[in-house]
Amino acid sequence: MLLDLDAFADLLRNVNNRETLMQNDRRVKGEIEATATLAALDPAQASRLYRAALTRLTQMRWRDEALDQEVEAQLARAESDAAALEDRIRSTLAVLGAARV
């Protein structure tokens, strides 16, 4: 029974490591990195793009608990000034960088 459960867990891990998913993960991370640069120049547009990228990150739900919590917390926050937006983006990038995605 435990061997079956272990085999099932391996299958799930392999699904999460498919090249298609990994490419999507890298693309979304790149989008969030781009918003970090844009935040100082155009906070309103950066905020919209950041929120859209966060929404796409919800598709990664269940793949990393810390990332799930970060995305939920950031989506729940109200719009803020440019400095706060840059901090929020850095926070998300740090969690995303540490996530097992």
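Bear in mind that the values in this text are calculations on the coordinates, not laboratory data. Worth saying up front: this structure is predicted, and the values here are computed from it rather than measured. Every residue, glycine among them, receives a Cβ derived from its backbone with ideal geometry; neighbour counts consider all protein chains shown.
Some notes on this structure:
- Sorting 75, 93, 3 by the number of Cβ atoms found within 10 Å of their own Cβ, with the fewest placed first, yields 3, 75, 93.
- Ordered by the count of other Cβ atoms within 10 Å of each Cβ, fewest first, 91, 47 give 91, 47.
- This ranking places 27, 51 by how few other beta-carbon atoms lie within 10 Å of each, fewest first, which gives 27, 51.
- Percent of Cα-Cα distances greater than 21 Å, calculated over the stretch 2-98: 36
- Taking 36, 73, 53 as the candidate residues, the one with maximal mean-square fluctuation in a Gaussian network model of the chain, Cα springs under 10 Å, is 73.
- Cα-projected label distance for residue 91 with residue 23, points at 7 Å along beta-carbon direction, nm: 3.3
- MRE, 222 nm, helices only [DSSP H, n ≥ 4, -39500 (n - 2.57), over the chain, to nearest 500]: -27000 deg cm²/dmol
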